[in-house]
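Below are the structure tokens for one structure; questions will follow.
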Amino acid sequence: MLAEDTAMVQRLLGWLVPDGDPLAVLSAAGVERFCWYELPCKWDAAAAEQHRAVVVLAVLLAGAGRVRAAAVCTSEVTAEVLAAWERSEEAGFAAYRRAAAASPTTPQDVPELSWGQVMGVQETLAYASLERRLEQALDEGELDPDGRTFPDVRRRLVQHWLTTAQPVFGGRTPLEEIRCERRAWWAAAPPMERRVLLAAVLPALEEASAAPADTAEPLKWLLEQIGDGVTLTQAGYLPRELVAAAFARYPHWYPIGKGPRSEADLFQLAHLRELARAHRLVAKRHRVLKLSAAGRAQLADPRLRERTAALAWLGSTAAERQVAESALCALWAEPRLREDLCDVVHPVLSASFARSDGPVEVTETERLLWRFWHTGRELGYLEQERSPDAPISLTATGRPAALTALRLLAEGPHGHLPHVRAHCDERSER
């Protein structure tokens with residue numbers, strides 16, 4: 001071995017196994033991260049030295065019996081990623097992300113869990129442990145990356161591992177540990193006004209989720225009406241027969257006059273249709289609107305439908321989510337008058353967000369609460385008010401839906417946290 005190679009070996013070992021462990025402990029996923037990100041991005045080395053580093057590392061790993069990890073170093077993918085980093089940092093990051101996503105040792109997102117861009121200790125431990133489990137399955141022939149059924153087989157392996165008690169987590173499942181850690185992060189996030197509101201609902205979130213109620217009844221009804229297809233009007237609206245059926249079923253949507261003439265007169269129905277479109281529950285071809293495969297699945301599965309409805313209730317921007325979260329926690333504790341609800345929610349919003357032209361105005365909170373209130377009524381989650389002075393309260397299906405929505409916030413992946421201080425202007429949320 002050349003003298004410069006000896007120096008390279010020492011540098012590689014000092015970086016990859018700084019505690020003096022044998023190279024056998026290094027996972028293939030760890031080698032991928034080094035070759036595709038750490039070497040080109042964090043090492044102080046010219047391109048020629050980077051290429052020599054991967055060659056030397058391949059020899060070391062092969063000598064340690066790590067054939068799969070050694071192959072990463074000399075692969076075309078690694079050469080392409082290093083070349084992309086030479087072009088620009090943007091190209092390098094993009095190539096790294098593509099290579100990592102395509103790697104058979106990368107734990108994929110599954111319905112039970114989406115991995116966070118920012119991970120806590122337990123989630124990081126679970127991710128690394130699952131990388132090793134996938135590598136073991138590849139080495140033992142349990143997974144065949146070239147097989148037609150590889151994506152489905154890997155998904156089932158990931159789901160089974162996440163939901164099976166593991167010794168490293170003290171006999172608990174990795175999924176339980178990750179969700180518990182995420183809830184703790186969520187509950188501890190500032191501001192103090194927010195943590196005070198959360199206190200009322202935290203005990204309910206710690207309990208195991210019950211079987212879903214047949215929730216979001218108006219959404220279910222609309223999906224049933226669309227079914228195998230309805231013909232839209234020349235203007236693109238739902239047919240008048242469906243609008244009349246909606247008015248007959250939900251007369252409080254249009255409490256004045258003789259009734260709506262078209263979908264344009266019944267904004268609640270239009271909002272539900274937009275919700276279905278945004279979540280790809282319906283598909284349109286020419287003037288025929290019918291259920292998509294996702295729509296049929298949600299019609300048959302109340303848990304999927306409840307999750308979709310909860311996402312719609314929370315809103316799509318950070319400010320909408322913050323207002324919805326605060327309002328749900330306040331209403332979980334007790335019914336509230338509109339002005340009281342605004343008084344409780346506004347301090348949280350103003351402490352969480354900043355505007356370039358000054359503090360958040362109360363009118364902004366009122367606007368966001370209006371969206372939360374109307375969406376909740378359209379989905380059947382908020383009781384119909386007998387008068388403007390009546391308190392707002394959760395319905396029988398609204399309470400479990402509120403827990404579903406709050407769990408989505410508490411146990412969802414971190415990366416773009418809605419509780420960090422940011423601009424309230426929607427154009428600033430990029």
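The values are calculated or read from the model by the stated rules, or taken from the named source; none is laboratory data. Note that the coordinates shown come from a computational prediction; the quantities given were computed from them, not determined experimentally. Virtual Cβ from ideal backbone geometry, glycine too; neighbours counted across all protein chains shown. Heavy atoms of the whole protein, side chains included, go into the accessibility calculation; ligands, DNA and RNA do not. Shrake-Rupley method; radii C 1.70, N 1.55, O 1.52, S 1.80 Å.
How about the stretch 273-320: which trypsin sites (Lys or Arg not before Pro) there are in a DSSP loop, with at most 13 other Cβ atoms within 10 Å of their Cβ?
R280, R287
With N denoting the number of residues in the stretch 1-51, provide Rg(C-alpha) divided by 2.2 N^0.38 Å, to two decimal places.
Its radius of gyration relative to the 2.2 N^0.38 Å reference: 1.15.
Whole angstrom only: what separates the Cα centroid of the stretch 157-216 from the Cα centroid of the stretch 264-321?
26 Å
Another question, then. Normalised by the number of residues in the chain, what is the relative contact order in percent for Cα pairs under 8 Å and 6+ residues apart?
Over the chain, the number comes to 14 percent.
Taking the 0 to 90 degree range and rounding to the nearest ten, how far is the long axis of helix 150-162 tilted relative to the main principal axis of the chain, both from C-alpha atoms?
Approximately 80 degrees, to the nearest ten.
Considering only A69, L409, A137, whose Cα is most displaced toward the positive end of the charge dipole of the chain, charges sitting on Cβ of Lys, Arg (+1) and Asp, Glu (-1)?
L409
Another question about this same structure. Which translational diffusion coefficient, to the nearest whole µm²/s, is obtained for the stretch 229-331 from the Stokes-Einstein equation, given a Kirkwood hydrodynamic radius over C-alpha pairs, 25 °C and 0.890 mPa s?
Working: Rh = 15.3 Å.
Stokes-Einstein gives a translational diffusion coefficient of 160 µm²/s.
Apply the Debye scattering formula to the stretch 274-418, with a single equal point scatterer on each alpha-carbon and no solvent, then give log10 I(q)/I(0) at q = 0.11, 0.12, 0.15 Å⁻¹.
-0.46, -0.54, -0.81
What is the dipole size for the chain, taken about its Cα centre, with +1 at each Lys and Arg Cβ and -1 at each Asp and Glu Cβ, in debye to the nearest 20?
Approximately 1380 debye in magnitude.
Something else: Pull up the cross-link candidates among the lysines for K220, meaning alpha carbon to alpha carbon under 16 Å and not fewer than 8 places away within one chain.
The qualifying lysines are K290.
Please give the direction-averaged projected area of the C-alpha convex hull for the stretch 91-194, in square nanometres with one decimal.
8.7 nm²
Of the labelled options (1) 33; (2) 22; (3) 14, which one gives percent of Cα pairs over 41 Å apart as computed for this structure?
Among (1) 33; (2) 22; (3) 14, the one calculated here is (1).
Further question on the same structure: For the stretch 30-158, what is the accessible area per residue in Å² when the probe is 1.4 Å?
On a per-residue basis, the stretch 30-158 sits at 51 Å².
Helix 89-102 against the longest principal axis of the chain: what's the angle in degrees, Cα atoms only, rounded to the nearest 10?
Orientation of helix 89-102: about 90 degrees from the principal axis.
With axes computed from alpha carbons, what is the tilt in degrees of helix 302-314 against the longest principal axis of the chain, rounded to the nearest 10 within 0 to 90?
Roughly 80 degrees between the two axes.
Å³ per residue of the Cα convex hull, for the stretch 20-86?
Numbers: hull volume 5.2 nm³, N = 67.
So the per-residue hull volume is 78 Å³.
Filter the GluC sites (Glu not before Pro) in the stretch 186-248 to those in DSSP coil with at most 16 other Cβ atoms within 10 Å of their Cβ, and list the result.
Taking the stretch 186-248 and a limit of 16 other Cβ atoms within 10 Å, the loop GluC sites (Glu not before Pro) found are E207.
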